[in-house]
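Report on the structure given below.
The values are calculated or read from the model by the stated rules, or taken from the named source; none is laboratory data. Note that the structure is predicted; figures quoted are calculated from it, not measured. Cβ placement follows ideal geometry from the backbone for every residue including glycine, while neighbour counts extend to all protein chains displayed. With ligands, DNA and RNA removed, areas are computed over all heavy atoms of the protein, side chains included. Shrake-Rupley method; radii C 1.70, N 1.55, O 1.52, S 1.80 Å.
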Amino acid sequence: MKSNKAYILFVHSYNMARFITILFILISSVSVYSQSPSDLIDPQSFNHKLFEKTLHSKINAYRKQNGLRPLIHNSIIYKVANDQNIYLKTKKEITHTQPVSGKHTVQDRLAYHLKVSRYSVAENIARTFVLKPTLNYLRNGSTKSSVAKTYDEAADYMLNAWIQSEFHNTNILNKEFQLSGIASYFNPKNMSLTAVHVFAKIG
């Protein structure tokens, strides 16, 4: 009976330790995702998910201003965007292609990840800099040397750059696109911020 009691106490202690560990993980997760777009960017712990979500929201607000439906974030389309994002991490120049067989173009990458035959797809890519003076586009098309210190400012400047490009702006305002995925990469060595945005219509 004593051994059973000891076993129960052991299990209780184990479960309590496990509970505390899980609670710690949850608190840590909440602290990461409780950040606001207006928060200052920490180059040692850049919050990619927050930046991507902020940029996605701004793009949908811009589409709404132009009478279009919002794009829906899709996890598969995100994989398509992140595929090129990962490839660009090691490249000095941004490009829409990669030499990997079956992933050369964004069309190839969508077919690779989604396995569909009927679709429309487009891709926007941009690279800017944060936390240091950069010649950024303003919404009216003019440029100004400024420093993106927050996630909100970084997303603003990146969207402004796309809007000023006829090709990229056409993709953003394409009424046929329904789905969206944005993947990003921050390089703390040179403070560069790269984003890949894939738009898609399936069927």
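If you plug each phi of region 178-193 into the Karplus form 6.51 cos²θ - 1.76 cosθ + 1.60 with θ = phi - 60°, what whole-Hz ³J(HN,Hα) values come out, in order, with x for Gly and Pro?
Coupling constants for region 178-193: 10, 10, 8, x, 10, 10, 9, 9, 10, 9, x, 6, 10, 6, 7, 10 Hz.
Relative to the Cα centre, what is the charge dipole magnitude of region 95-184, using +1 at the beta carbon of each Lys and Arg, -1 at the beta carbon of each Asp and Glu, and rounding to the nearest 20 debye? Write out the running numbers ahead of the final one.
On the way: 10 positive and 7 negative charges, 31 e Å.
Charge dipole, region 95-184, about its Cα centre: 140 debye, nearest 20.
Please state the charge dipole magnitude for region 68-111, taken about the Cα centre, from unit charges on C-beta atoms (+1 on K and R, -1 on D and E), reported in debye and rounded to the nearest 20. Numbers along the way, then the final one.
Numbers: 7 positive and 3 negative charges, 20 e Å.
Charge dipole of region 68-111: 100 debye, to the nearest 20.
Taking a cut-off of 14 Å between Cα atoms, list the aspartates and glutamates near Lys132, but don't count ones fewer than 8 places away on the same chain.
Output for Lys132: Asp42, Glu153.
Stretched out fully, how many nm does the piece from Thr95 to Ile72 gain, at 0.36 nm a residue minus the Cα gap? Don't skip to the answer; put the middle values down first.
Working: separation 23, 0.36 × 23 = 8.28 nm, distance 2.48 nm.
Extra length from Thr95 to Ile72 when fully extended: 5.8 nm.
Would you mind calculating the gained length between Ser142 and Phe167 on full extension (0.36 nm times residue separation, minus the Cα-Cα distance), in nm to one decimal?
7.2 nm
Using unit Cβ charges (K, R positive; D, E negative) and no other charged atoms, how large, in debye to the nearest 20, is the dipole of region 39-113 about its Cα centre? Intermediate results must be reported in sequence, preceding the final value.
Numbers: 12 positive and 6 negative charges, 44 e Å.
Magnitude of the dipole: close to 200 debye.
Take the solvent-accessible surface of the protein heavy atoms, probe 1.4 Å, and return the percent of it on region 138-198 that carbon and sulfur atoms account for. Numbers along the way, then the final one.
Values: 1250 of 2560 Å².
For region 138-198, the apolar C and S fraction of the accessible surface comes to 49 percent.
Ordered by residue, what ³J(HN,Hα) values in Hz, to whole numbers, does region 106-113 give under the Karplus form 6.51 cos²θ - 1.76 cosθ + 1.60, where θ = phi - 60° and Gly and Pro are x?
Per-residue couplings from phi come out as 5, 5, 4, 5, 5, 4, 5, 8 Hz.
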